[in-house]
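Working notes, structure below.
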Amino acid sequence: MFLDGYIKRVLIIAPTSVCAVWPQEYQKFGDFPSRVALLLGDHTQRVRQLKWLCAPVPTGMEEPLRVAVINYESAWRLTDGKTDHLQEYRADLVVCDESQRIKSPTAKQSKAVWKLGDLARYRMILSGTPIQRDTRDIWSQYRFLDPAVFPMGYGSFQSRYAIMGGFENRQYIGARNVEELTRKTHACGYRVKKEECLDLPEKTYEDYPVEMDPKTRQLYRTLQKQSVAELENGGEVTANHVLVRMLRLQQLTGGFLVDDAGERHQVNTA
């Protein structure tokens, strides 16, 4: 799209853990000039990087594709203020990576991403799990991608594509009009299965047993049997509920525990 003259500026919104991958991929596979800015850090640092991204290139250098990469939390903070820096950036293409992050129609970050998408000529969503809980997850993502696909509001979308029940009819029971929903979602999207695009070897599993030191093992057994344990510094860990107990035991094997006061304690496991 850049080489054909359709876009000059790109905004990529992704989870924090994924943001750093995008500049690396541009270096590996971008067969064209590009300037990529990773908008992380505090507000001042993000704004400074954005200004660098938009600065003119030196005389004689080819104009690059300008790419801003930011996480979801920072995106709505740079949009929800007196100066809407990301709106002023005026991206031609906005990409939502792991777009299930904007599945909630009431979340601030979803509404901020909609606003940014409305200003862009092109929009794209990427996700391996577009629907995580129920069919309603898709509405907000398509509100960003192309509002014309599901032009109705969220309430009308729910009435048409979800079966509700339970207390005050608020519990999701199942999907309705699935064929129509599938046809509309595929109108501007496509799915690629792992076996169609990747040639991976079979998974192999190896177990590496790790012995806990005597003190940690005793703490583990006490918490497992009595659902309560006292730490060396006087803190106490209570886990009466079975799920809480499983969480605390898992934390313990990972080398730390969170006591009842919410304080984290480092423990030795080997």
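The values are calculated or read from the model by the stated rules, or taken from the named source; none is laboratory data. Owing to the predicted nature of the structure, the values given are computational and were not obtained by experimental measurement. All Cβ positions, glycine included, derive from the backbone under ideal geometry; neighbour counts span all protein chains shown. The protein model used for the area step is the full one, side chains on, heavy atoms only, and it has no ligands, DNA or RNA in it. Shrake-Rupley method; radii C 1.70, N 1.55, O 1.52, S 1.80 Å.
Note on the range 210-245 and the range 83-149: Cα centroid distance 44 Å, given to the nearest whole angstrom.
Building the convex hull from the alpha-carbon atoms of the chain and averaging its projection over directions returns 21.8 nm².
Each principal axis of the range 134-270 carries a Cα extent, and these read 62, 48, 24 Å when sorted largest first.
Each of Val57 and Arg133 was given a label point 7 Å from its Cα along the Cα-to-Cβ line. The distance between the two points is 4.6 nm.
Could you tell me whether the range 115-164 comes out rounded, prolate or oblate from its Cα gyration tensor? Rule is a ≥ b ≥ c as square roots of the eigenvalues, rounded for a/c under 1.5, then prolate if a/b exceeds b/c, otherwise oblate. Don't skip to the answer; put the middle values down first.
Values: a/c = 3.11, a/b = 1.47, b/c = 2.12.
Because a/c hits 1.5 or more and a/b fails to exceed b/c, the range 115-164 counts as oblate.
In the full protein context, the range 160-270 carries 80 Å² of accessible surface per residue, based on a 1.4 Å probe and ignoring ligands, DNA and RNA. Note on the range 103-209: Kirkwood hydrodynamic radius from all Cα pairs is 16.1 Å, rounded to one decimal. What do you get for the angle between helix 108-119 and the principal long axis of the chain? Use alpha-carbon atoms, 0 to 90 degrees, nearest ten. With rounding to tens, the tilt is 20 degrees. Geometric descriptor of the range 19-63, per residue, is 63 Å³ (volume of the convex hull of the Cα atoms).
Per residue, how big is the convex hull around the C-alpha atoms of the range 192-239? Give it to me in cubic angstrom, could you?
It is 183 Å³ per residue.
Is there a quick way to get the dipole size of the chain? I mean about its Cα centre, with the Cβ of Lys and Arg at +1 and of Asp and Glu at -1; what is the value in debye to the nearest 20? Don't skip to the end; give the middle numbers.
On the way: 37 positive and 34 negative charges, 185 e Å.
It works out to roughly 880 debye.
To put it simply, the accessible area of the chain at a 1.4 Å probe is 50 percent carbon and sulfur.
Solvent-accessible area per residue in the range 1-136 equals 55 Å², computed with a 1.4 angstrom probe and all protein chains kept. Put Leu38, Leu50 in order of accessible area, highest first, and with a 1.4 Å probe you get Leu38, Leu50.
Assuming R0 = 25 Å, what is the FRET efficiency of Ala261 and Val18, from their Cβ-Cβ distance, to the nearest 0.05? Show your work: numbers first, answer last.
Details: r = 34 Å, r/R0 = 1.35.
For Ala261 and Val18, the calculated efficiency is 0.15.
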